[in-house]
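One structure is given below, encoded as structure tokens.
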Amino acid sequence: DAGVIQSPRHEVTEMGQEVTLRCKPISGHNSLFWYRQTMMRGLELLIYFNNNVPIDDSGMPEDRFSAKMPNASFSTLKIQPSEPRDSAVYFCASNPRASGDGYEQYFGPGTRLTVT
Amino acid sequence: SQKIEQNSEALNIQEGKTATLTCNYTNYSPAYLQWYRQDPGRGPVFLLLIRENEKEKRKERLKVTFDTTLKQSLFHITASQPADSATYLCALGRGNNNDMRFGAGTRLTVKP
């Protein structure tokens, strides 16, 4: 299995531009998570989906952030317009179950976003 | 507000010693707790899960304890090796709910 796939691995953009991050979860996994990691704030949960349905987006910082999961094998996180404070590493993770507690999460390699 | 604290930003120990990392939490009632390892430039990798009704879990050289009275988990690496050098994150979750909250992590360095 290829694991969770994220693209791009690195993104450098100018303030005000739209940024789209992509994620392909592990095949057969029913839950997908988007996290953001910075030195200051650590690893923060932004949003998660069960069976392609957004369950909790309370971690999404502002309306500039949006996430979609059109099917079980693809999700996007979009920032529009981007700002320098959005610079961080964004991780996507998946786990096998949509319910039940304690299933381990499988993380992708992350996308390092730099907004200048 | 909910708070998850890992004892220190960095921990340095000598090879062969036992590393002990701490995860404390407040204003939270987790049903389970997980520990992850993160290497530079990579995503976290799952190590161990312990549930609220379990006191201790072991896996090879790893041991984790969970004390819901003290609101604390301890993570031990025995016979540490330089290859154990990494950042270790604790994560707390509630039952029947997939979201987890992570601590800031402790960066462990094992010196040869």
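The values are calculated or read from the model by the stated rules, or taken from the named source; none is laboratory data. A quick note: this is a predicted structure, and the numbers were derived from the prediction, not measured. No Cβ is skipped: glycine too gets one built from the backbone with ideal geometry, and neighbour counts run over all protein chains shown. When the accessible area is computed, the model is the full protein with side chains, heavy atoms only, and any ligands, DNA or RNA have been set aside. Shrake-Rupley method; radii C 1.70, N 1.55, O 1.52, S 1.80 Å.
So that you can scan it fast, the table gives a plain yes or no per residue for (1) open to solvent by 30 Å² or more (accessible area, probe 1.4 Å); (2) assigned to a strand (DSSP E or B); (3) free of Cβ contacts under 8 Å to residues at least 60 places away in the same chain:
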| site | (1), (2), (3) |
| --- | --- |
| A:G3 | no, no, no |
| A:Q6 | no, yes, no |
| A:V12 | yes, yes, no |
| A:L21 | no, yes, no |
| A:L32 | no, yes, no |
| A:M40 | yes, no, yes |
| A:P109 | yes, no, no |
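Yes or no, residue by residue, for (1) among the charged types (D, E, K, R); (2) part of a loop (DSSP other than H, G, I, E, B); (3) within 11 Å of chain B (Cβ to nearest Cβ); (4) surrounded by fewer than 16 Cβ atoms within 10 Å (Cβ to Cβ):
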{"position": "A:M69", "(1), (2), (3), (4)": "no, no, no, no"}
{"position": "A:S75", "(1), (2), (3), (4)": "no, no, no, no"}
{"position": "A:K78", "(1), (2), (3), (4)": "yes, no, no, yes"}
{"position": "A:V89", "(1), (2), (3), (4)": "no, no, yes, no"}
{"position": "A:R112", "(1), (2), (3), (4)": "yes, no, yes, no"}
Conditions: (1) away from every other protein chain (no Cβ under 14 Å); (2) under 28 Å from A:F91 (Cα atoms); (3) open to solvent by 70 Å² or more (accessible area, probe 1.4 Å). B:E56 meets all but one. Number of the miss? (2)
Within region A:94-104, identify whether any single residue is facing chain B (nearest Cβ under 7 Å), on the phi > 0 side of the Ramachandran plot and buried (at least 17 other Cβ atoms within 10 Å of the Cβ), and answer yes or no. yes
Residues in region B:10-21: is at least one surrounded by fewer than 21 Cβ atoms within 10 Å (Cβ to Cβ), of a type in the set (D, E) and over 13 Å from the mean Cα position of the chain (by Cα)? yes
Kindly indicate whether any position in region B:34-51 is of a type in the set (A, V, I, L, M, F, W, C), within 30 Å of A:P54 (Cβ to Cβ) and open to solvent by 80 Å² or more (accessible area, probe 1.4 Å). yes
Kindly indicate whether A:S31 is more than 10 Å from the chain's Cα centre (by Cα), away from chain B (no Cβ under 14 Å) and within 22 Å of B:L47 (Cα to Cα). no
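Mind listing just one residue for me: the one in region B:59-80 that is more than 19 Å from B:N7 (Cβ to Cβ) and without any contact (Cβ under 8 Å) to a residue 24 or more places away in the chain and, of those, surrounded by the fewest Cβ atoms within 10 Å (Cβ to Cβ)? If you could, list the steps in order and put the result at the bottom.
To start, the set of residues in region B:59-80 that are more than 19 Å from B:N7 (Cβ to Cβ) comprises B:59-61, B:79.
If we keep only those that are without any contact (Cβ under 8 Å) to a residue 24 or more places away in the chain too, we end up with B:59-61.
Working: B:K59: 11, B:E60: 9, B:R61: 14.
Only one residue tops the list, namely B:E60.
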Extreme residue, nearest to the other protein chains (Cβ to nearest Cβ), among residues of region B:15-53 that are assigned to a strand (DSSP E or B) and hydroxyl-bearing (S, T, Y): B:Y32
Mind counting the residues in region B:62-80 that are in contact with a strand residue (DSSP E or B) (Cβ under 6 Å, 6 or more places away or on another chain) and part of a loop (DSSP other than H, G, I, E, B)? 2
Would it be correct to say that A:S27 is over 19 Å from A:Q80 (Cβ atoms), crowded, with 18+ Cβ neighbours inside 10 Å and of a type in the set (S, T, N, Q)? no
Which condition breaks for B:G41 when tested against (1) more than 13 Å from the chain's Cα centre (by Cα); (2) in contact (Cβ under 8 Å) with a residue 60 or more places away in the chain? (2)
If B:T87 satisfies every condition in (1) at pLDDT 95 or above; (2) surrounded by 16 or more Cβ atoms within 10 Å (Cβ to Cβ); (3) over 16 Å from B:A104 (Cβ atoms) but one, which is the exception? (3)
